[in-house]
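S.K.: Sharing a structure with you now.
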Amino acid sequence: MKVSLVCFTRMGFETMKKIAGTGSAGGNEEKWDTSLWVAGRYALRLAREDAGLPYQAIVEGGLSAWTGAEFQRSDALIFVGACGIAVRAIAPFVQDKFHDPAVLCVDEAGTFVIPLLSGHVGGANRLAEFVAGGIGAVPVVTTATDVERKFAVDVFAKDHGLVITDRVLAKRISADILAEEPVGVFSDFGFSGWKKIPEGLFRDRLCKRNIRITVSDREKDGIPSDRVLRLVPRCVALGIGCKRGTPAEKIRETVEDAMRRNGIDLRSVFAVASIDIKKQEQGIIDFANTLQVPFLTFSSEELNSLPGTFTESEFVKKTTGTGNVCERSAVAACRMGVRDCRILFKKEAGDGVTVAAAYDPRL
């Protein structure tokens, strides 16, 4: 996690160093890639006094430009100083809680840690509690669901690697829970990983608004789609075969058609896979990059060793050494990391491209 800290006084600089030390200490779940900054006239004076300190200077008037740059490249910004300075600095760059980095403000004495932005999705609330615990400060968390200790759908989605498909509906569900309105919850993956269903959620009845954990993009149980927030797990592997030189656009068209016919949300894909002789196939590489997922390849020996029934082709076997590239590679990708595996749909072909999908049915 990339964390950028900025301070404005000598006392703030000492507190900033303590915070940075907390981030690199043992026991932290995610080590920080930390950068320390000092701003304004203080920065220049400190530079003259001790150029060996591990910080970078922000020249006077440059705080806004620094903030804009860090909004793009950092996971979290920590201002050690007044809240007003932090609020004015970030104001031009705020988009929404799904894109903004976590922003914290810590007073220069290190007494209070205040999450200002992206408390849930960006992780600012948890980061505030972690920092406060490390420097002996008090976390000041104001998010309603945290204060009332209620289920927060955005936190749940982040913790479980789920994609929120409708941000407006997610906000309405949070409002319902705070108002103690019942919200239904359903899962195509079962509830084996849940110790208990969170308070305010109900498995056994349909409610005005509902949550469904699914890779499907179709309505189920007769519930209108505008009443169901789909949370999509990234658990689907796409296996792809193609003619040499097939462009990414053609691969994407074939994949999207297959996913649409089978009612599978493309956002559920965690990897694209093929046989190793396609390792340098630029069209597949580019397609995987557009999905922002890894492109995995396997040898014919690895593919042939997989258990299961596959759609075999003698021509494909003579050409590649295995009777089916797309189905077997999808399964091979799912089986990595001791994943369970089931085929979602078998080989579908179009315009020189074959595609199949497998998924891990466990959450």
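Only the coordinates and a few stated rules stand behind these numbers; no lab work does. Keep in mind the model is a prediction, meaning the values are calculated, not measured. Glycine also receives a Cβ, built like all others from the backbone with ideal geometry; neighbour counts cover every protein chain displayed.
S.K.: Based on other C-beta atoms within 10 Å, arrange V316, V3 from fewest to most.
M.R.: Details: V316 19, V3 25.
In order of increasing Cβ crowding within 10 Å: V316, V3.
S.K.: Calculate for the chain the 222 nm mean residue ellipticity that helices alone would give, adding -39,500 (n - 2.57) per DSSP H run of length 4 or more and normalising by residue count, nearest 500 deg cm²/dmol.
M.R.: Calculated at 222 nm, the ellipticity per residue is -10000 deg cm²/dmol.
S.K.: Then there's this: Can you flag which of K2/K158; K220/K250; K278/K347; K31/K279; K158/K279; K171/K346 are past 29 Å Cα-Cα?
M.R.: In this structure, K220/K250; K31/K279; K158/K279; K171/K346 exceed 29 Å between Cα atoms.
S.K.: Can I ask one more? At 7 Å along Cα-to-Cβ for each site, give me the label-to-label distance between R10 and F112 in nm.
M.R.: 2.6 nm
S.K.: Which cross-chain or sequence-distant (5 or more) residues have an amide H under 5 Å from the amide H of L117, H modelled 1.01 Å from N in plane?
M.R.: Amide H neighbours of L117, under 5 Å, 5+ apart: V103.
S.K.: Just to confirm the number: angle between the C-alpha axis of helix 282-291 and the first principal axis of the chain, 0 to 90 degrees, nearest 10?
M.R.: Here the helix axis deviates by roughly 50 degrees.
S.K.: What FRET efficiency comes out for the pair I277/K18, r = Cβ-Cβ distance, R0 = 35 Å, nearest 0.05?
M.R.: Once the sixth-power term is evaluated, E becomes 0.05.
S.K.: Now a separate question. Relative to the present Cα-Cα distance, how much length would full extension add between V94 and D176 at 0.36 nm per residue of separation?
M.R.: Result: 26.9 nm gained on full extension.
S.K.: Nearest 10 degrees is fine. How inclined is helix 167-178 to the longest principal axis of the chain, computing both from alpha carbons?
M.R.: 60 degrees
S.K.: What is region 2-142's relative contact order, in percent, from Cα pairs under 8 angstrom and six or more apart in sequence?
M.R.: About 23 percent, as a whole number.
S.K.: Starting from the Cα-Cα distance between A349 and Q72, subtract it from 0.36 nm times their residue separation and give me the gain in nm to one decimal. Numbers along the way, then the final one.
M.R.: Numbers: separation 277, 0.36 × 277 = 99.72 nm, distance 3.97 nm.
Difference between extended and current length: 95.8 nm.
S.K.: Using DSSP to call loops (not H, G, I, E or B), can you name the trypsin sites (Lys or Arg not before Pro) in region 213-256 whose Cβ has at most 13 other Cβ atoms within 10 angstrom?
M.R.: R218, K243, R244
S.K.: Still on this model: Where does each of 65-74, 89-98, 170-179 land if you order them by average Cβ count within 10 Å, highest first?
M.R.: Final packing ranking: 170-179, 65-74, 89-98.
S.K.: Between H160 and E219, how high is the FRET efficiency from 1/(1 + (r/R0)^6) when r is the Cβ-Cβ distance and R₀ = 25 Å? Nearest 0.05.
M.R.: Details: r = 23 Å, r/R0 = 0.91.
Once rounded, the FRET efficiency stands at 0.65.
S.K.: For region 105-147 and region 153-175, compute the distance between their C-alpha centroids and round to whole Å.
M.R.: For region 105-147 versus region 153-175, the Cα centre distance is 21 Å.
S.K.: Taking amide H positions as placed in the peptide plane 1.01 Å from N, state which residues far from Q56 in sequence (5 or more) or on other chains have amide H under 5 Å from it.
M.R.: Result for Q56 returns L36, W37, V38.
S.K.: Something else now. At a Förster distance of 35 Å, what's the computed FRET efficiency of R261 paired with I197, Cβ-Cβ distance as r, to 0.05?
M.R.: On the way: r = 34 Å, r/R0 = 0.96.
Given R0 = 35 Å and the Cβ-Cβ separation, E is 0.55.
S.K.: Write out the GluC sites (Glu not before Pro) in region 117-189 meeting two conditions: DSSP loop, and at most 16 other Cβ atoms within 10 Å of their Cβ. Could the numbers behind the result be given before it?
M.R.: On the way: sites: E129, E148, E180; in loops: E148, E180.
Within region 117-189, the qualifying GluC sites (Glu not before Pro) (loop, at most 16 other Cβ atoms within 10 Å) are E148, E180.
S.K.: Moving to a separate point now. Report, in whole Å, the centroid distance computed from the Cα atoms of region 258-275 and region 297-363.
M.R.: Region 258-275 and region 297-363 have Cα centres spaced 13 Å from each other.
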